[in-house]
Amino acid sequence: MPDNAAVIAALVVFVPAFLGLYAVLGTPVGAALVAVGAAVLAGIAGQAVSQRMRRSRLARAVAEANGRVAALATQVSHPATRASLLHACDTVPRLLARTEEIDPAALPSTLHKLSGYLGSVESVLRRYLEIQEYPASYRDADRLLANSRRTLTGFESFAGHAAEQIGEANLESFFRDLAHLELMNPPRLPPSEEL
């Protein structure tokens with residue numbers, strides 16, 4: 001189903017094209033046929049532009065959320081948890097770059113997944129920092145912090161697993177290309193003793 005940008009682009013093209021062609025041709029049927037064709041092409045172009053803009057906005061939102069998580073992670077006093085979160089935040093841009101390079105069609109779904117995941121990480125991390133700062137305000141703060149650390153370090157696993165999946169997809173093409181090269185470049189024959 002076309003979105004608003006596609007419909008608006010089609011209408012913006014259809015109306016002036018129809019009126020201009022009708023003035024030149026003098027026949028409403030011919031003018032309408034040509035104007036409809038132009039409007040359909042404009043609608044398709046508008047749809048493509050709209051999709052690129054949505055993907056760009058989502059990529060910016062993911063990058064901003066990742067930056068916020070990284071900034072919050074620097075405040076975590078537990079060294080292993082802080083290092084895990086920062087490593088995961090470093091993995092996200094590489095994951096997105098690799099996805100765009102290897103499977104651009106998968107980038108929107110990857111961005112959506114990361115957006116939701118980063119939002120949850122950020123929310124939990126904000127509460128974690130609050131508990132860390134004011135442990136007396138929470139019953140069993142040590143247990144809450146320990147459970148939160150275990151969950152938050154899962155972000156590193158999530159990002160790493162996603163990066164591995166993209167890497168494995170890339171390795172499939174690597175091994176295919178390697179096999180192709182081996183077929184195209186047979187091993188050299190040993191040098192002949194007769195020269």
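Of the residues that make up the stretch 162-172, is at least one at pLDDT 85 or above and within 30 Å of His112 (Cα to Cα)?
The answer is no; no qualifying residue exists.
Pairs only if they're at least six apart or on different chains, beta carbon under 8 angstrom, first in the stretch 79-100 and among the basic types (Lys, Arg), second open to solvent by 70 Å² or more (accessible area, probe 1.4 Å) and not in a helix (DSSP H, G or I); list them, first residue then second.
Arg82/Thr74
From the list Ser123, Ser115, Ser77, pick out the single residue that is within 12 Å of the chain's Cα centre (by Cα) and among the hydroxyl-bearing types (Ser, Thr, Tyr).
It is Ser115.
Return the pairs, sorted by first residue and then second, in which the second residue is part of a helix (DSSP H, G or I) and among the acidic types (Asp, Glu), the first residue lies in the stretch 105-129 and is in contact (Cβ under 8 Å) with a residue 12 or more places away in the chain, the beta carbons are less than 7 Å apart, and the residues are 6+ apart or on different chains.
Matching pairs, first to second residue: Leu107/Glu100.
Filter the stretch 34-69 for residues that are modelled with pLDDT of 80 or more and open to solvent by 70 Å² or more (accessible area, probe 1.4 Å); which is nearest to Ser123 (Cα to Cα)?
Here the residue is Arg68.
Ser84 is checked against (1) part of a helix (DSSP H, G or I); (2) surrounded by 16 or more Cβ atoms within 10 Å (Cβ to Cβ); (3) in contact with a Lys or Arg (Cβ under 8 Å, 6 or more places away or on another chain); (4) not basic (Lys, Arg) and fails just one. What number does that condition carry?
(3) is the only condition that Ser84 fails.
The values are calculated or read from the model by the stated rules, or taken from the named source; none is laboratory data. All figures in this text were calculated on a predicted structure; none of them were measured in a lab. Methodologically, a virtual Cβ is constructed for each residue, glycine included, from the backbone with ideal geometry; neighbour enumeration extends over all protein chains shown. When the accessible area is computed, the model is the full protein with side chains, heavy atoms only, and any ligands, DNA or RNA have been set aside. Shrake-Rupley method; radii C 1.70, N 1.55, O 1.52, S 1.80 Å.
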